[in-house]
Amino acid sequence: MFLKNTEIHAMKNQEQYTQQLIENKLMISSEEISLYEEAVEKLFDRENISAIDSLIYGFSDLSEDREVMFSTLHAIEYYGKSLDLEIYMNKLLPLLRLLEKDAYEWSETFFLRIMNYI
């Protein structure tokens, strides 16, 4: 199967923006905050729940700006409110394990919010 140039470019951008999200998730400076927010904006796609696969990497318990990080949490929660809850939970719950090392508190926050939603 051959990918079109636009598909390759889109995939490449997704990988680049995911890396940008990861590199700036501590949000120590205003520049890091701007780069983080740009990455979230580019990765979030209302029509594609697979965006969670990239957005989940944007969490850190050591982040300097919890408010901005909560906006990422809200972006992910959008899928639970706009799509079937079962699809959302099947997508998100396995990904929470990725947060164990650097963002355990955020994984707990996600879990508690899911429990309150049910």
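The values are calculated or read from the model by the stated rules, or taken from the named source; none is laboratory data. Here the structure is a predicted model, which is why all the values come from computation and not from measurement. The accessibility values were calculated without ligands, DNA or RNA, using every heavy atom of the protein model including side chains. Shrake-Rupley method; radii C 1.70, N 1.55, O 1.52, S 1.80 Å.
Multiplying the residue separation of Glu15 and Met89 by 0.36 nm and removing their Cα-Cα distance gives an extension gain of 24.3 nm.
Using a probe of 1.4 angstrom and keeping all protein chains present, the accessible surface of segment 50-96 works out to 47 square angstrom per residue.
Roll a 1.4 angstrom probe over the protein heavy atoms and tell me the percent of accessible area of segment 27-107 that is carbon or sulfur. Don't skip to the answer; put the middle values down first.
Numbers: 2180 of 4610 Å².
Carbon and sulfur: 47 percent of the exposed surface of segment 27-107.
For the chain, relative contact order (Cα pairs under 8 Å, six or more residues apart, normalised by length) works out to 23 percent.
Inter-part distance, segment 19-49 to segment 59-86, computed on C-alpha centroids, equals 12 Å. Extension gain for Phe70 to Asn48 (0.36 nm times residue separation, less C-alpha to C-alpha distance): 5.9 nm.
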